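**Q** Have a look at the structure that comes next, please.
The values are calculated or read from the model by the stated rules, or taken from the named source; none is laboratory data. None of the values given here were measured: they were computed from a predicted structure. Here the Cβ is made from the backbone with ideal geometry for all residues, glycine too, and neighbour counts use every protein chain on show.
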Amino acid sequence: MSIADIEQYVLATGAIELGLICQNIVLTLQAMGLGGWMYTGINPPSLLGAYAADGITGLGFRFTRDPAWTMPNPVGLDGVFEGYCPPYYPDMRSAVARFNELKFGPDGAYDPARPGPFRENARIKAHIERYSPEFIDMLGVVAQYLHDTFGKFPATIPSIYVRMYAQAQHIDLDYYDAFYGPEATLETHRQHLARWHA
């Protein structure tokens with residue numbers, strides 16, 4: 001497969017997960033009695049802060065730039081959501097090492113000593129195959145090659161990808177009562193303030 005094909009596959013998989021997460025957020029909002037919605041259509045670089053120098057501050061993410069790129073590349077929000085790439089790591093090999101540590105190291109996702117959902121958690125996690133040193137080395141070499149060649153990682157898509165959003169807010173029940181029928185709100189909306197802010 002070409003680099004572009006692999007990265008498009010990864011991007012599609014990530015976008016599907018993002019959509020499912022946003023759908024679950026909206027369902028949770030309804031259960032809690034909050035208003036909200038899922039949407040797209042906002043220019044992601046603007047939302048993240050690519051044009052802060054032009055007065056469009058966005059969320060304050062850090063970007064890398066290259067004259068050959070059509071758009072700046074979001075890499076993270078300092079101290080909050082940092083990508084596994086430079087400038088947060090000195091090189092891609094160290095980013096790969098940290099990724100591996102977060103999966104399999106002490107207190108990593110697959111550390112048998114870390115609590116988990118399984119009845120036999122330690123046994124199941126202990127049997128999950130770890131990356132071999134050769135695989136980690138190969139992954140680091142490939143990731144570094146992509147970063148060196150294209151100036152970013154991943155090579156053809158944004159390092160931080162945002163296209164779908166979920167918004168939450170308290171709703172104005174007086175507005176809904178004045179302009180909509182009773183089916184426009186749920187009982188959870190009517191009880192929200194008493195249940196959550198009493």
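**Q** Of all helices (runs of 4 or more DSSP H) completely enclosed by the range 93-181, which ones contain at least 1 residues that are among the aromatic types (F, W, Y) and surrounded by 11 or more Cβ atoms within 10 Å (Cβ to Cβ)?
**A** Answer list for the range 93-181: 133-150, 173-179.
**Q** Tally time: how many residues in the range 67-87 are surrounded by 12 or more Cβ atoms within 10 Å (Cβ to Cβ) and more than 17 Å from the chain's Cα centre (by Cα)? If you could, list the steps in order and put the result at the bottom.
**A** Pass one, the range 67-87, residues surrounded by 12 or more Cβ atoms within 10 Å (Cβ to Cβ): 69, 71-78, 81-87.
The next check asks that each one be more than 17 Å from the chain's Cα centre (by Cα); those that pass are 69, 71-72, 86-87.
Residues flagged as surrounded by 12 or more Cβ atoms within 10 Å (Cβ to Cβ) and more than 17 Å from the chain's Cα centre (by Cα) within the range 67-87 amount to 5.
**Q** Output the residue which, of all residues in the range 27-45 that are more than 24 Å from P158 (Cβ to Cβ) and aliphatic (A, V, I, L, M), is surrounded by the most Cβ atoms within 10 Å (Cβ to Cβ).
**A** L29
**Q** G108 - would you say it is modelled with pLDDT of 95 or more, farther than 22 Å from S2 by Cα, under 18 Å from the mean Cα position of the chain (by Cα) and not charged (D, E, K, R)?
**A** no
**Q** Output the qualifying pairs, or none if there are none: Cβ atoms under 8 angstrom, residues six or more apart or on different chains, first residue in the range 161-181 and hydrophobic (A, V, I, L, M, F, W, C), second residue part of a loop (DSSP other than H, G, I, E, B).
**A** Cβ pairs passing all conditions: M164/T40; A168/L34; I171/L34; I171/T185; L173/T185.
**Q** Can you tell me which of (1) among the aromatic types (F, W, Y); (2) surrounded by 13 or more Cβ atoms within 10 Å (Cβ to Cβ); (3) not in a strand (DSSP E or B) is the one F63 doesn't meet?
**A** Only one criterion in (1) among the aromatic types (F, W, Y); (2) surrounded by 13 or more Cβ atoms within 10 Å (Cβ to Cβ); (3) not in a strand (DSSP E or B) is unmet by F63, namely (3).
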